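Quick notes on the structure that follows.
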Amino acid sequence: MKRIATDNAPAAIGPYSQGMITGNLVYTSGQIPVDPKTGTIAGDTIEAQAEQSLKNVKAVLEAGGADMDSIVKTTCFLADMADFAAFNTIYETYIKGAPARSCVAVKTLPKNVLVEIEAIAEIVKRPIA
């Protein structure tokens with residue numbers, strides 16, 4: 001196994017890595033909407049936060065040699081299932097091909113954000129991590 005570390009996504013805030021490579025797969029840790037350049041939460045709407053979370057997923061995948069088109073499974077955590085439709089509007093602009101997905105509402109997310117997204121993807125090029 002190989003750890004993924006990139007400055008293009010938020011640093012891990014605990015005893016975990018941004019992602020891991022094993023075999024021909026990249027597993028991302030859950031990505032919350034923290035802007036890696038400023039360390040702040042990106043916006044206060046589900047749309048703004050979903051977009052930043054997806055950008056962070058993309059950065060970790062790319063560091064691991066995968067991309068958004070090679071995602072085979074996502075798990076999405078929402079603070080409020082009432083945001084489901086708005087979340088999907090942003091999600092489908094970043095993730096094509098309808099990979100397998102779970103989407104659940106949870107009581108609380110780190111830093112009280114509205115969304116967290118993790119992904120599993122196939123490696124399509126040599127990892128840069």
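The values are calculated or read from the model by the stated rules, or taken from the named source; none is laboratory data. This is a predicted model, so every value here is computed, not measured. So basically every Cβ, Gly included, is an ideal-geometry build from the backbone, and we count neighbours across all protein chains shown. Only protein heavy atoms, including side chains, enter the accessible area calculation; ligands, DNA and RNA are left aside. Shrake-Rupley method; radii C 1.70, N 1.55, O 1.52, S 1.80 Å.
Remarks
- Count of residues meeting criterion [within 9 Å of Ala119 (Cβ to Cβ) and not hydrophobic (A, V, I, L, M, F, W, C)] in the stretch 59-68: 0
- For the stretch 95-115, the condition holds for no residue, the condition being that it is more than 14 Å from the chain's Cα centre (by Cα) and buried (at least 20 other Cβ atoms within 10 Å of the Cβ).
- When Ala48, Ala119, Ala63 are screened for being in contact (Cβ under 8 Å) with a residue 12 or more places away in the chain, open to solvent by 30 Å² or more (accessible area, probe 1.4 Å) and either farther than 21 Å from Ser17 by Cα or not charged (D, E, K, R) (or both), only Ala48 passes.
- Residue in the stretch 56-76 that is polar (S, T, N, Q) and touching a helix residue (DSSP H, G or I) at 6+ places or on another chain (Cβ under 6 Å) present: no
- For Gln18, the stated conditions do not hold, so it cannot be described as crowded, with 18+ Cβ neighbours inside 10 Å, touching a residue at least 60 places away in the same chain (Cβ under 8 Å) and on the phi < 0 side of the Ramachandran plot.
Conditions (1) over 18 Å from Leu25 (Cα atoms); (2) modelled with pLDDT of 95 or more, marked per residue:
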{"position": "Cys76", "(1), (2)": "yes, yes"}
{"position": "Ala79", "(1), (2)": "yes, yes"}
{"position": "Ala86", "(1), (2)": "yes, yes"}
{"position": "Gly97", "(1), (2)": "no, no"}
{"position": "Arg101", "(1), (2)": "no, yes"}
{"position": "Asn112", "(1), (2)": "yes, yes"}
{"position": "Glu118", "(1), (2)": "no, yes"}
{"position": "Ala121", "(1), (2)": "no, yes"}
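- Subset of the stretch 21-32 (residues that are open to solvent by less than 20 Å² (accessible area, probe 1.4 Å) and more than 10 Å from the chain's Cα centre (by Cα)): Ile21, Val26
- If you go through the stretch 70-116 and pick out every residue that is of a type in the set (D, E, K, R), under 21 Å from Ile21 (Cα atoms) and touching a residue at least 40 places away in the same chain (Cβ under 8 Å), you end up with 2.
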